[in-house]
Amino acid sequence: MNSSPPVLAAVDWGTTRLRIWLLDDSGSVLEERRSNEGLSVASTQGYEQTLERHLGELQAAADLPVMICGMAGSRQGWVEAPYVPCPARLDEVLLSAVAVPSAGRSIRIVPGVAQRSDDSPDVMRGEETQLAGIAGQIAEGEHLVCMPGTHSKWLRTRDGVIETFSTWLTGELFELLSTGSILRHSIAPGSTDFMADNPAFLNWFSDALAAPEMLTGRLFRIRAAMLLNGTSAEESAAALSGLLIGCEIGAARRNMGGVEGAIQLIASGPLAQLYQSAFAHAGIKVVVSDADAAVRAGLMQASGHHFHPAGARRRQA
């Protein structure tokens, strides 16, 4: 049993979710809280009140410092942490953390990164901290990084600098299409828990990978396949997921360009399994890092603690 005291409350605060970890000086998780009190909820009930309630339930000391990443630093969040312009060094991003002046304890928020470009404007908040958590793996040379999620990010880095990045609304599109489009008649609630090796997922992924520009031309086929071929709700969900992920990976590899070596995949949970299965099916090598461990490591580094993250998973796939 770990008896080391916590040195930091690491917080990933997004639009819909709040995650808090109490970490010791080695980065080990002592306590954890997760809730649906993202920005939409916290902005109503109060950011500091929400945070302090959770810290109180975790029995955190009143002077325990807090480091936050994510949408809490957006313009609509708690305190705006202005974007660092791209190209951006990861260490400079972490050093630009903004203090919450009115808080009763030391609380800082890591800024996001902005790609200020007329033809490819883009922003991120939270992903830069995950990326900092695997800084040792991308410190030298060129790397292509895939970070799946509601808004999947693909980044090209060189010697620890974010050179360029792009966003794919893969997760959000899956949610919208499966619940708010005609495809809702083919994808029933609860049918989205399919296995990563589902044949429908892999078949639709392969087709989309070969021709990602055909996304809108293929979507209705999912509905037609259920009507004419009797495909199940689970197969339809797997098909939609394979189609969207295939289009994302196919387009990202074309737009971001190739690099020597494996793609860095930062993911956890079911998404990690889906993307690993997809990359393996396509014969694309990846190095996998756990997203939760990466964000905790990045928050620890932002707070001034440097360590080898305990429990971080890094493997070749």
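No lab work stands behind these numbers, since they all come straight from the coordinates. Remember, predicted model here, so these are calculated numbers, not experimental data. All Cβ positions, even for glycine, are placed from backbone atoms using ideal geometry, and neighbour counts span all protein chains on display.
With the convex hull drawn over the C-alpha atoms of the chain, the volume per residue is 141 Å³. To the nearest ten degrees, helix 170-180 and the longest principal axis of the Cα atoms of the chain are 60 degrees apart. By the count of neighbouring beta-carbon atoms within 10 Å, fewest first, 165, 279 end up ordered 279, 165.
Each of 231, 157 was scored by other Cβ atoms within 10 Å of its Cβ. Listed from fewest to most, they are 231, 157.
Inter-part distance, segment 1-56 to segment 119-189, computed on C-alpha centroids, equals 23 Å.
The C-alpha atoms of the chain define a longest principal axis, and helix 199-210 lies at about 90 degrees to it. Charge dipole (Cα centre; +1 on Lys/Arg Cβ, -1 on Asp/Glu Cβ; no other charges) of segment 224-293 amounts to roughly 260 debye.
Close amide H partners of residue 31, meaning residues 5 or more places away or on another chain with modelled amide H under 5 Å apart, are 22.
Helix 233-256 and the longest principal axis of the C-alpha atoms of the chain enclose an angle of approximately 70°. Name the most mobile residue of 266, 68, 182, meaning the one with the largest mean-square fluctuation, in a Gaussian network model of the chain with Cα contacts below 10 Å. Among 266, 68, 182, the largest GNM mean-square fluctuation belongs to 182.
Neighbour counts of other Cβ atoms within 10 Å put 122, 292, 197, 207 in the fewest-to-most order 197, 122, 207, 292.
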